[in-house]
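The values are calculated or read from the model by the stated rules, or taken from the named source; none is laboratory data. All figures in this text were calculated on a predicted structure; none of them were measured in a lab. FYI the Cβ positions are ideal-geometry reconstructions off the backbone, even for glycines, and counts take in every protein chain you see. Surface accessibility is based on the protein's heavy atoms, side chains included, excluding ligands, DNA and RNA. Shrake-Rupley method; radii C 1.70, N 1.55, O 1.52, S 1.80 Å.
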Amino acid sequence: MLSETAAMDERATDCGGLASDGLVITCEHGGNRIPTPYRDLFHAHQALLDSHRGYDPGALIMARALATAFAAPLVASTVSRLLVDLNRSVGHPRLYSEATRKAPTEVRQRILKHYYQPYRAQAEDFVRQAIADHGLVIHFSSHSFTPELDGKVRDADIGLLYDPARPGEADLCERWKASLEACAPDLTVRRNYPYAGKNDGLTTWFRRRLPPGAYVGIELEINQKHVVRAGRHWTAMRKVIVESLCRALASRCAGIPDSTTKAARASSLRRRSVGAPP
């Protein structure tokens, strides 16, 4: 179980001083809302809207917690990914769902114009402004994943998705993973799980446009079983994620060698092996 210390309101963690790094937070799948003009397309899909296919439960509240803690700009959508998936590129076969894929071309173009393009434009404005102000942007995209998919149980509590070919992303994910394991040894943290960080998505879209020295993009994936538990457990989970990221960013800013984070992770694993409390 997560520690009682972590059960405090995440606002108690003040990492705003790290905003000088140029952080930007996004949440592409924050809700399952269908705008009125398109509700007729979803009469037969209400159950789908309420499932993990319709949105990422917990992702928006996590994104808001990160934005508050780090005094970072937040771009978020509560329109269902089943209308249009903001985390897919135009032309991707899953940009539209079964409910919208066969809609007339003019309807799909209107959806792109009113929901997809403004979201991407706002995210890009914040990212490029952070680069202009700080020389570097660190972009965190908040998501969650279903505990079981196609009969297979996902064996992680938290996933950190990144491109291994970009040293800044690999380094920060290593630091964050070690920090998470030190803060909450009972959590299983995996990199590039349950999806590969190089898959099509908003972070990959930015990587094609911005060099590694200017853009660091990481997708945070939280197992939805923690969201379902709700209450103090879910509050504690958010607190741990914020606090661990704060420590990881601070070590990065201080220029602490990555070997230090590996040592911290090894210490965490030793404590876990002897049954030490978190």
Counted residues, the range 124-179 - those being closer than 22 Å to Gly22 by Cα and either open to solvent by 20 Å² or more (accessible area, probe 1.4 Å) or not small (Gly, Ala, Ser) (or both): 35
Residue match in the range 202-222 (condition: open to solvent by 40 Å² or more (accessible area, probe 1.4 Å), under 19 Å from Arg154 (Cα atoms) and at pLDDT 95 or above): no
Where Arg252 falls short, out of the listed (1) farther than 23 Å from Ala72 by Cα; (2) modelled with pLDDT under 95; (3) not acidic (Asp, Glu): (1)
Of the criteria (1) polar (S, T, N, Q); (2) over 26 Å from His226 (Cα atoms); (3) in contact (Cβ under 8 Å) with a residue 40 or more places away in the chain; (4) open to solvent by 10 Å² or more (accessible area, probe 1.4 Å), which one Gln109 fails: (3)
Verdict on Ile256 being open to solvent by less than 10 Å² (accessible area, probe 1.4 Å) and either under 17 Å from Ser144 (Cα atoms) or β-branched (Val, Ile, Thr) (or both): no
Residues being in contact with a strand residue (DSSP E or B) (Cβ under 6 Å, 6 or more places away or on another chain) and hydrophobic (A, V, I, L, M, F, W, C) - total across the range 203-212: 1
Any hit, the range 2-24, residues being small (Gly, Ala, Ser), at pLDDT 95 or above, outside any helix (DSSP H, G or I) and under 23 Å from Gly231 (Cβ atoms): no
Pairs, first among the basic types (Lys, Arg) in the range 17-40, second part of a strand (DSSP E or B) and modelled with pLDDT of 95 or more, C-beta under 8 Å, six or more apart: Arg33/Val79
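So that you can scan it fast, the table gives a plain yes or no per residue for (1) closer than 18 Å to Ile158 by Cβ; (2) open to solvent by less than 60 Å² (accessible area, probe 1.4 Å):
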position	(1), (2)
Phe42	no, yes
Arg53	no, no
Asp56	yes, yes
Ala59	yes, yes
Met62	yes, yes
Val75	no, yes
Ser80	no, yes
Tyr193 in contact with a Phe, Trp or Tyr (Cβ under 6 Å, 6 or more places away or on another chain) and among the hydroxyl-bearing types (Ser, Thr, Tyr): no
